[in-house]
Amino acid sequence: MAVEKIKMNSPPIPKKSRLEMNVRQLLNKCELIAKEEAVDTNLRLIKYVESLSEMLAELKTSPDKPPTKEVLAGYTKRIGFLKGLIQTATLHSPTEKVKYLDTNAM
């Protein structure tokens, strides 16, 4: 009885599209790879992040169950961070890295 009342009173959880679930899963996987492995030589991570960018663009224009603007902004921010991490890791000298960080700080 108590469980049924809780289910009735709680707001419905919006269902996510298959594409959004795939974006979330791949994004989590990329973040884990970036945390645990070397980024500069990891071609798998680079390809995954490229795929994430394409999937995000598709998700933004998808007519099926679009996520909220806040959720899309969160995905965009996380993917942007991964792109910056890859870009910074592939720079060769510390001065290049500092210049890259200075120009992309905003």
Exercise. Once you put a point 7 Å from the Cα of D40 and another 7 Å from the Cα of F81, both along the Cβ direction, what distance in nm separates them?
Worked result: 2.2 nm
Problem set entry | Estimated FRET transfer efficiency when R0 is 25 angstrom, pair H92-Q25 (beta carbons, to 0.05) | 0.15
Exercise. Under 15 Å Cα-Cα from K16, which aspartates and glutamates qualify once same-chain neighbours fewer than 8 residues away are excluded?
Worked result: E58, D64, E70
For this session: With a point put 7 Å past each Cα toward its Cβ, work out how far R18 is from K65 in nm, to one decimal.
Result: 1.2 nm
For this session: Any of K29/K83; K29/K77; K29/K60; K35/K60; K47/K77; K35/K77 with alpha carbons more than 23 Å apart? Name them for me.
Result: K35/K60
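What's the extension gain from L72 to N104 if we count 0.36 nm per residue and subtract their Cα-Cα distance?
Gain in length upon complete extension: 9.4 nm.
Bear in mind that the values in this text are calculations on the coordinates, not laboratory data. Since the model is a prediction, treat every value here as computed from it, not as a measurement. Note that each Cβ is placed from the backbone with ideal geometry, even for glycine, and that neighbours are counted across all protein chains shown.
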